[in-house]
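Below is one structure; the comments refer to it alone.
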Amino acid sequence: MVTPKDASGPASLLISLQLSDSAFPSGFYAMSHGLEGFHQQGLVDGDTIGDLLEDILVRTAGPGDATALARTHGAAVRQDWDHVAELDRLLFASKLNSELRRSSTRSGRQLIDIVSEAYAGTHGGDDIATWAEWVRSRRTPGCQAIATGVCYAATGVAVEQAVVSDLFAFAISFAGAALRLRLTDHRSTQKLLRRVQPVIEEVAADAVARPEADIGGFTPVGDIMSAGHERAPARLFTS
Amino acid sequence: MNDNVLRVGIGGPVGTGKTALTEALVPLFLAAGRTPGVITNDIYTQEDALHVRRELAGIISPECVIGVETGACPHTAVRDDPTMNLAAGEEMLERFPQIDTLIYESGGDNLTLTFSPALADVFVFVLDTSNGQKMPRKGGPGITESDILVINKVDIAQYVRTDLEVMERDAHAVREGRPVILTNALEGMGVQKLCDTIIARWEAQRGRNVA
C-alpha cells in the first residue's frame, strides 16, 4: 500500500478529488444550502441562480464553513483537539437555524466515521481516528466543515487547497440542487460552476486569512429563507 | 450501530403499500417483544411520517417516527449515500436506547432501488397487484435479489385484471428460492408471516456472522 508521508502534488490532488467528489457519501446530495428556501419564495430563477450562489459563497460559506475549516486545519496540524472542539462549537453556534445545524452535524459525523475507516493505516489515519472518536463520543457537535478540515490537515493537504476543495464541493452540491429544482439544465450547470471558480479562489483566500473571531456570516434574508424552509409543508432537501 | 439492532429496509414503487406495511409491522414487532422505531423517506413532504405517527398513536411514541428528506433521490438515500438515514438512525438510538428494531421506509421509487447493506440488514421489496401481473417478470434487483419480495394488495387483484397465481409463480421463478410473501396490509393478511420471516432472516444472518 502506498502511504505517503505527506500529500503533495498528485497525492494531495487525489485526496482532494476523493473528499470533494459529488459521489463521496457526505450527504451533500440531500442539501440545497438555502437554495430551496429561496426557490419556494420565488426569489430565484434561472437568470439569478449564479448571483445567489456567489452571494452565498461570499457571505455565508466563506465566512462560516470555509473559515472554520481553515482555522481547524491549523489546530489539527498541531493536534490541538481542544481547540478543534472549540471551533466546532463556534461554528455550530453560528448556524442560526436548526436545519443548518442538523444537516452539518449529520454530514460531519458520518463523514469522519467513513474517512477514519477508509484512511485507517495510511498517513493521517491516526489523527482522523482521534477526531472521529471525539465526535462519536459526542464531546463535540461534529460539524461537516470541521471534520473535513481535520481530514485534510491529517493527510497533509495544504490549507488553501483544502478550503478550495470544500468550497467547490459545496458549489457542486448547490448546482446539483439547482438542477433538480429545474433552475438549471446540464449545460447551464457547468457554466455556473465555471463562473464561480474565480469567486471560490477569492473566498478561499479570504477564509484562510480570516481570524477565528470572525467565523460566521451575516445573511438575514438567507436565515429567514432557511427558517421558512424548515417549516415548509413540502420540501426535497434537508436545507 | 449496535449489532443487536434489527434494521429493516422497505422499498418499492410508489403506492405499493410500503407505509401501510410499516404500520402493520410495528404492532407485530411489539408483540414479538421488540421495540421498533420508524424512519420514513418522503420524497417531498412529511406525509408518510405524519401518517405513521397518526396511525400508530398510542402504540409507539411520535418521537419514534422520523422523516428524512432525500434530495429528490430516494434510491441515493438508501443505497449510494445513506449518510442522512444512518445519522437519523443513530440519533434515534441515542435518544431511545431501548429501540432494537429500526424500520427504514424508502421513498417510492422504481425497480432499480436496492438498500445498502450498511443501512438495512433485511431488505424487503414491495410490489402490489395493481403494478400488473407482468411486473415480477420485468425483474430488477429489488424483485430478484431482495431478502423478501412482498406482493401486496392481493384483495384487489381481480379488479385490476391481475392473475395473482401468475404473478406469484413468476416471482418465485425469478427469485431462485428467496421468499415471496402475499399480503393485504390493510387487513393484516400475510403480515405476521412477513414479520416472522424478517426476524428469521436476520437471526440467520447473525448466526452466519458469529460462525
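The values are calculated or read from the model by the stated rules, or taken from the named source; none is laboratory data. Keep in mind that what you see is a predicted model, and the values were worked out from it rather than measured. All Cβ positions, even for glycine, are placed from backbone atoms using ideal geometry, and neighbour counts span all protein chains on display. Note: accessible area is taken over every heavy atom of the protein model, side chains too, but ligands, DNA and RNA are not part of it. Shrake-Rupley method; radii C 1.70, N 1.55, O 1.52, S 1.80 Å.
For the residues A:70, A:93, A:76, the requirement of being out of contact with any helix residue (DSSP H, G or I) (no Cβ under 6 Å at 6 or more places or on another chain), in a helix (DSSP H, G or I) and either touching a residue at least 60 places away in the same chain (Cβ under 8 Å) or open to solvent by 10 Å² or more (accessible area, probe 1.4 Å) (or both) singles out A:93. For the stretch B:110-117, does any single residue satisfy the condition of being closer than 29 Å to residue B:169 by Cβ and in contact with a Pro (Cβ under 6 Å, 6 or more places away or on another chain)? So far as the stretch B:110-117 goes, yes, one or more of its residues are closer than 29 Å to residue B:169 by Cβ and in contact with a Pro (Cβ under 6 Å, 6 or more places away or on another chain).
From the set of residues in the stretch B:6-19 that are outside any loop (DSSP other than H, G, I, E, B) and in contact with a Lys or Arg (Cβ under 9 Å, 6 or more places away or on another chain), which is surrounded by the most Cβ atoms within 10 Å (Cβ to Cβ)? Walk me through how you get there before you give the answer.
First, the residues of the stretch B:6-19 that are outside any loop (DSSP other than H, G, I, E, B): B:6-11, B:13, B:18-19.
Restricting the remaining residues to those that are in contact with a Lys or Arg (Cβ under 9 Å, 6 or more places away or on another chain) gives B:6, B:10-11.
Working: B:6: 23, B:10: 31, B:11: 27.
It comes out as B:10.
Residue pairs whose Cβ atoms lie under 8 Å apart, sitting 6 or more positions apart in sequence or on different chains, and linking a residue in the stretch A:192-214 that is within 20 Å of residue A:89 (Cα to Cα) to a partner that is of a type in the set (Phe, Trp, Tyr) and surrounded by 20 or more Cβ atoms within 10 Å (Cβ to Cβ), do not occur here. Does the stretch B:76-88 hold any residues that are within 13 Å of residue A:113 (Cβ to Cβ), part of a helix (DSSP H, G or I) and touching a Phe, Trp or Tyr at 6+ places or on another chain (Cβ under 9 Å), and which are they? Answer for the stretch B:76-88, where residues must be within 13 Å of residue A:113 (Cβ to Cβ), part of a helix (DSSP H, G or I) and touching a Phe, Trp or Tyr at 6+ places or on another chain (Cβ under 9 Å): just B:83. Please determine whether any residue of the stretch B:51-61 is under 18 Å from the mean Cα position of the chain (by Cα), open to solvent by less than 60 Å² (accessible area, probe 1.4 Å), more than 10 Å from chain A (Cβ to nearest Cβ) and among the small types (Gly, Ala, Ser). Scanning the stretch B:51-61 turns up no residue that is under 18 Å from the mean Cα position of the chain (by Cα), open to solvent by less than 60 Å² (accessible area, probe 1.4 Å), more than 10 Å from chain A (Cβ to nearest Cβ) and among the small types (Gly, Ala, Ser). For the stretch B:132-148, the count of residues that are open to solvent by 10 Å² or more (accessible area, probe 1.4 Å), away from chain A (no Cβ under 13 Å) and touching a residue at least 60 places away in the same chain (Cβ under 8 Å) is zero. Return yes or no: is residue A:187 at positive phi and free of Cβ contacts under 8 Å to residues at least 40 places away in the same chain? When the stated conditions are applied, residue A:187 does not pass them. Restricting attention to the stretch A:191-218, the residues that are under 25 Å from residue A:87 (Cα atoms) and either open to solvent by 40 Å² or more (accessible area, probe 1.4 Å) or over 17 Å from the mean Cα position of the chain (by Cα) (or both) add up to 12. Looking only at the stretch A:131-142, filter to residues that are away from every other protein chain (no Cβ under 13 Å) and either touching a residue at least 60 places away in the same chain (Cβ under 8 Å) or closer than 18 Å to residue A:119 by Cβ (or both); which one of those is most open to solvent (accessible area, probe 1.4 Å)? Selected residue: A:133.
Among the residues of the stretch A:96-121, the ones that are more than 9 Å from chain B (Cβ to nearest Cβ) and open to solvent by less than 40 Å² (accessible area, probe 1.4 Å) come to 8 in all.
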